[in-house]
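The values are calculated or read from the model by the stated rules, or taken from the named source; none is laboratory data. Just so you know, these numbers come straight off a predicted model, no measurement behind them. Note: ideal-geometry Cβ built from the backbone for every residue, glycine included; neighbour counts use all protein chains shown. Accessible surface is based on the protein model in full, side chains and every heavy atom, while ligands, DNA and RNA are left aside. Shrake-Rupley method; radii C 1.70, N 1.55, O 1.52, S 1.80 Å.
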Amino acid sequence: MADARAASEDCGCAPTLGERRALWPSSKVTRRSAMTVGALSAIALTVFGVSSGTQSARAEPGYPSWDDVQRAKANEAAKGAEITRIQGLIQSLTQRAAAAEQAARAAGDEFFAAQQAYFEAVDRADTLQAQADEQAGIADESARKAGQVATQLYRSGGDQAALELFLSDSAHGADDLLSRLGSLDKLLEYNRTVADRAAAARNSAQALSDQAKSARDERDRLQKIAEEKMVKAQQASDAAQAALEEKQNNLATLQAQLAALKDTTSATVAGYQKGEQVRKAREAAEAEARRKAAEEAAKNHNSGGGGGGGSGGSGSGAWRRPSSGRITSYYGRRNVQCSNSYCASRDHGGIDIANGCGVPIYAAHSGTVDYVGYNGGYGNYTRIQHGGGIATGYGHQARFAVRWGQYVSAGQVIGYAGNTGNSFGCHLHFEVYVNGGRIDPYPFMVARGAI
């Protein structure tokens, strides 16, 4: 890997060490950066009309308690006012959650567009540099050939000596002399052609190098834009998640309280409260079951278990297969598949691993989550920074199991396979990034024993 990295730096197609420090975020989330993004997230929550913490319908100010509901039932006027109040709270929760989700999707779409533009700029800079290197190689080879001819012509020292050497054995006749002179003329003409080719290749190499430099400058500009869009998308995603959690934590209770106030039968508030307790207990049990299932899946993953066409636990320990299942689409050019709303890209930036909906997705390597949220065509997307300029991306998730800034271990469950974004069925879209640019994940993971 070190050799490959050094080669990429020698060709000038990868960012320099200084560029990486300035442009590519470190995998370490410092206290200062975490506080900065945390503050920005708090601002985003305010902008989207969501408080930074979720509220309980039982204890927090602004939401009615069951005691409030019990007292309101004893008075028709109070009951009517409480019904209106709760209906307003339900409407507000629903609207705020929907608005925050819409804003998160818009920000995620902008991040996706900026990220793809950056990837294209990386490819263009790399292609131009490769072409420049090729022309430089042609120039060097042509110059070498011209030098060989010149050496043959002048090895005896000087034009006159070379000419005498060339003609020294030409006394056999005029025809032989003319033949030798013709050969000399062809040799000189060949040498001029080779020299011209070397000069043209050198000029082409210089022009392409200049274009590659401009392309790298554009690449770096687009990278900054993509990173800015990512921060905004993360803020919007955090705001949407907070609004959703506030809605989930309060909506069912508010609806139960509303039903209790409107109830004209013998059913009591205590009965609704008991129903709420049963519901919360059921949700807690389901959450615990999911947690245990994820732990079991992670245990199988780490011990070599898996199925559906591939072992989810393959790998040396440092790197792990990100999902069980078979690879259904590889990196690079592919046939275009279309639906009624969109067509898949012809250039595939990763590999697709399919094994059904809800299958656990694992961190391919240890690192820090620097994005988790909606990301345009990727749908629900997570990116993990592993250090050394290497990162991995996980698209089309049904739901997440990690948060921004969280440190994860290799093989840890980070989400579950889904069909979000531009997708034709539940699967994981997996990408690998080196110094910000996408590379083919398959040979990269094979080299690390993870696929």
Next item on the list: Spot the failing condition for Trp319; the list is (1) open to solvent by 80 Å² or more (accessible area, probe 1.4 Å); (2) modelled with pLDDT of 90 or more; (3) under 30 Å from Ile351 (Cα atoms), and only one is missed.
Entry: (1)
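Quick one: which of Ala117, Ala104 is in contact with a Gly (Cβ under 8 Å, 6 or more places away or on another chain), small (Gly, Ala, Ser) and modelled with pLDDT of 90 or more?
Details: Ala117 fails: in contact with a Gly (Cβ under 8 Å, 6 or more places away or on another chain).
From the options Ala117, Ala104, the qualifying one is Ala104.
Would it be correct to say that Tyr63 is hydroxyl-bearing (Ser, Thr, Tyr), part of a helix (DSSP H, G or I) and crowded, with 20+ Cβ neighbours inside 10 Å?
On the way: hydroxyl-bearing (Ser, Thr, Tyr): yes; part of a helix (DSSP H, G or I): no; crowded, with 20+ Cβ neighbours inside 10 Å: yes.
For Tyr63, the condition - hydroxyl-bearing (Ser, Thr, Tyr), part of a helix (DSSP H, G or I) and crowded, with 20+ Cβ neighbours inside 10 Å - is not met.
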Margin query: On the basis of being more than 13 Å from the chain's Cα centre (by Cα) and either free of Cβ contacts under 8 Å to residues at least 40 places away in the same chain or open to solvent by 10 Å² or more (accessible area, probe 1.4 Å) (or both), does Val402 make the cut?
Written below: yes
Item checked: Leading residue by the ranking (nearest to Gln87 (Cα to Cα)) among those in the range 242-267 that are of a type in the set (S, T, N, Q) and either in contact with a Ser or Thr (Cβ under 6 Å, 6 or more places away or on another chain) or surrounded by fewer than 21 Cβ atoms within 10 Å (Cβ to Cβ) (or both) -> Gln255
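Pull up the range 357-379, narrow it to residues that are hydrophobic (A, V, I, L, M, F, W, C) and touching a Ser or Thr at 6+ places or on another chain (Cβ under 8 Å), then point me to the one that is farthest from Arg321 (Cα to Cα). Before you say what the answer is, go through the steps one by one.
Taking the range 357-379 as the starting set, the residues that turn out to be hydrophobic (A, V, I, L, M, F, W, C) are 357, 359, 361, 363-364, 369, 372.
Now narrow it down to the ones that are touching a Ser or Thr at 6+ places or on another chain (Cβ under 8 Å): 359, 361, 363-364, 369, 372.
On the way: Val359: 13, Ile361: 9, Ala363: 8, Ala364: 6, Val369: 17, Val372: 20 Å.
Per the stated criteria, the residue is Val372.
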Checklist line | Filter pass, Gln385 being touching a residue at least 12 places away in the same chain (Cβ under 8 Å) and either out of contact with any Leu (no Cβ under 8 Å at 6 or more places or on another chain) or in a loop (DSSP other than H, G, I, E, B) (or both) | finding: yes
Note to self: Of all residues being touching a residue at least 60 places away in the same chain (Cβ under 8 Å) and of a type in the set (A, V, I, L, M) in the range 345-381, which is surrounded by the fewest Cβ atoms within 10 Å (Cβ to Cβ)? Just the residue, please.
What the structure shows: Ala354
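Taking the range 405-418, which residues are within 15 Å of Asp352 (Cα to Cα) and either surrounded by 24 or more Cβ atoms within 10 Å (Cβ to Cβ) or out of contact with any helix residue (DSSP H, G or I) (no Cβ under 9 Å at 6 or more places or on another chain) (or both)?
Of the range 405-418, the ones within 15 Å of Asp352 (Cα to Cα) are 416-418.
Once the filter is applied, which keeps residues that are within 15 Å of Asp352 (Cα to Cα) and either surrounded by 24 or more Cβ atoms within 10 Å (Cβ to Cβ) or out of contact with any helix residue (DSSP H, G or I) (no Cβ under 9 Å at 6 or more places or on another chain) (or both), the range 405-418 yields Ala417, Gly418.
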